[in-house]
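J.: Encoded as structure tokens, here's the structure I'll be asking about.
The values are calculated or read from the model by the stated rules, or taken from the named source; none is laboratory data. Since the model is a prediction, treat every value here as computed from it, not as a measurement. Please note: Cβ atoms are built from the backbone with ideal geometry, for glycine as well, and neighbour counts cover all protein chains shown.
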Amino acid sequence: MTYRTILLFGAPGSGKGTQGKIIGKIPGYFHFACGDAFRNLRITDPLGKTFIDYSAKGLLVPDEPTIELWRKNIQASTLNGTFDPVNDTLVLDGIPRNVNQARILQDTLDVKAVIHLACQDMNKMIERLQRRALRENRLDDANLAIIRQRLEAYEQETKPVLDFYGPALCHTVNSTQRQIHVLRDILNILVHVEKE
Ligand code: ADP
């Protein structure tokens, strides 16, 4: 089984989650945010504990349990009918997050586009993350040193994923625009990809 897939790509604080949730409301699109799947785990779940250990340091969770969590969630959503793999487009947010994950998922994902929410202004992203810390109760957003570590992990480990998929699939959207304009640009890309 391969899934028709759009990847939402961008640094922490670039707005992937906000946009992903909106796109997931469009009939025919199913949004999966890997960070949300981790946060939905129970603290008594061994992977929940692993997640806290890594995310509290601003590090990525190891690949194998991450991919396993992804598979389980997609299977559960397929079984409960919220995701129809035959007709729906999967919108992935936060996965694959490094080249190894992209390789593991290569045979499973039929990637139609990578939408890169790009933000050149590091301070703006830090500001967004800090605002989110209290509003969404995210401890990993509360500490400046951890935010910097996550942005570093993004630069070192996640950005190379763009090269893995190559320029033909990658679309850049300026994420410093107002949200409605970011959404417009993403929708234009989706409409274009639909036609192909
Ligand atoms: P953000 O993109 O704002 O940093 P996420 O909610 O996507 O936040 O992720 C929060 C944390 O969850 C990450 O810092 C990381 O520890 C973990 N995580 C999420 N997705 C993955 C993934 N695909 N691989 C490894 N770790 C992940």
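J.: Do we find that L139 is within 13 Å of the ligand (Cβ to nearest atom) and not basic (K, R) in this structure?
T.: yes
J.: May I pose another question? Considering segment 1-33 alone, what residues qualify as being of a type in the set (F, W, Y), more than 15 Å from the ligand (Cβ to nearest atom) and closer than 18 Å to N188 by Cα?
T.: Just the residues of segment 1-33 that are of a type in the set (F, W, Y), to begin with: 3, 9, 29-30, 32.
From what's left, more than 15 Å from the ligand (Cβ to nearest atom): 3, 29-30.
The answer is Y29, F30.
J.: Considering N100, N123, which residue is over 20 Å from I186 (Cα atoms) and more than 10 Å from the ligand (Cβ to nearest atom)?
T.: The match here is N123.
J.: Hey, another quick one. If I ask for residues that are out of contact with any strand residue (DSSP E or B) (no Cβ under 9 Å at 6 or more places or on another chain) and within 22 Å of L139 (Cα to Cα), which ones from segment 158-179 would you list?
T.: Passing the criteria: none in range.
J.: Determine which member of the set F30, F51, F38 is part of a strand (DSSP E or B) and either hydroxyl-bearing (S, T, Y) or out of contact with any Cys (no Cβ under 9 Å at 6 or more places or on another chain) (or both).
T.: Answer to the check: F30.
J.: Residue pairs, Cβ under 8 Å, 6 or more apart or interchain, first in segment 116-138 and more than 14 Å from T18 (Cα to Cα), second within 13 Å of the ligand (Cβ to nearest atom) and β-branched (V, I, T). List them.
T.: Hits for this filter: I126/I147; Q130/I147.
J.: Okay, next question. Identify all residues within segment 38-62 that are within 7 Å of the ligand (Cβ to nearest atom) and touching a Ser or Thr at 6+ places or on another chain (Cβ under 8 Å); write none if there are none.
T.: Selection gives F38, L60, V61.
J.: Return yes when I95 is among the aliphatic types (A, V, I, L, M), within 10 Å of the ligand (Cβ to nearest atom) and closer than 28 Å to V173 by Cβ and no when it is not.
T.: Considered against the rule, which asks whether it is among the aliphatic types (A, V, I, L, M), within 10 Å of the ligand (Cβ to nearest atom) and closer than 28 Å to V173 by Cβ, I95 comes out as yes.
J.: Which of the residues that make up segment 118-176 are at pLDDT 95 or above and over 27 Å from R103 (Cβ atoms)?
T.: N174
J.: Scanning for something within 15 Å of the chain's Cα centre (by Cα) and surrounded by fewer than 20 Cβ atoms within 10 Å (Cβ to Cβ), does segment 117-131 turn up at least one residue?
T.: Checked segment 117-131: at least one residue is within 15 Å of the chain's Cα centre (by Cα) and surrounded by fewer than 20 Cβ atoms within 10 Å (Cβ to Cβ).
J.: Can you name the residue in segment 39-66 that is in contact (Cβ under 8 Å) with a residue 24 or more places away in the chain and out of contact with any Leu (no Cβ under 7 Å at 6 or more places or on another chain) and is also nearest to T89 (Cα to Cα) among such residues?
T.: My answer is T66.
J.: While we're on this one: Has segment 158-178 got any residue that is within 12 Å of the ligand (Cβ to nearest atom) and within 22 Å of V61 (Cβ to Cβ)?
T.: yes
J.: Kindly evaluate P65 against the criterion of being within 11 Å of the ligand (Cβ to nearest atom), under 22 Å from V111 (Cβ atoms) and at pLDDT 95 or above.
T.: no
J.: While we're on this one: What are the residues in segment 1-27 that are assigned to a strand (DSSP E or B) and more than 11 Å from the chain's Cα centre (by Cα), if any?
T.: Y3, R4, T5
J.: So which residues in segment 57-115 are among the small types (G, A, S) and outside any loop (DSSP other than H, G, I, E, B), if there are any at all? It would help to see each step written out before you state the result.
T.: Applying the first criterion (among the small types (G, A, S)) to segment 57-115 yields 58, 76-77, 81, 94, 102, 113.
Correct list: A76, S77, A102, A113.
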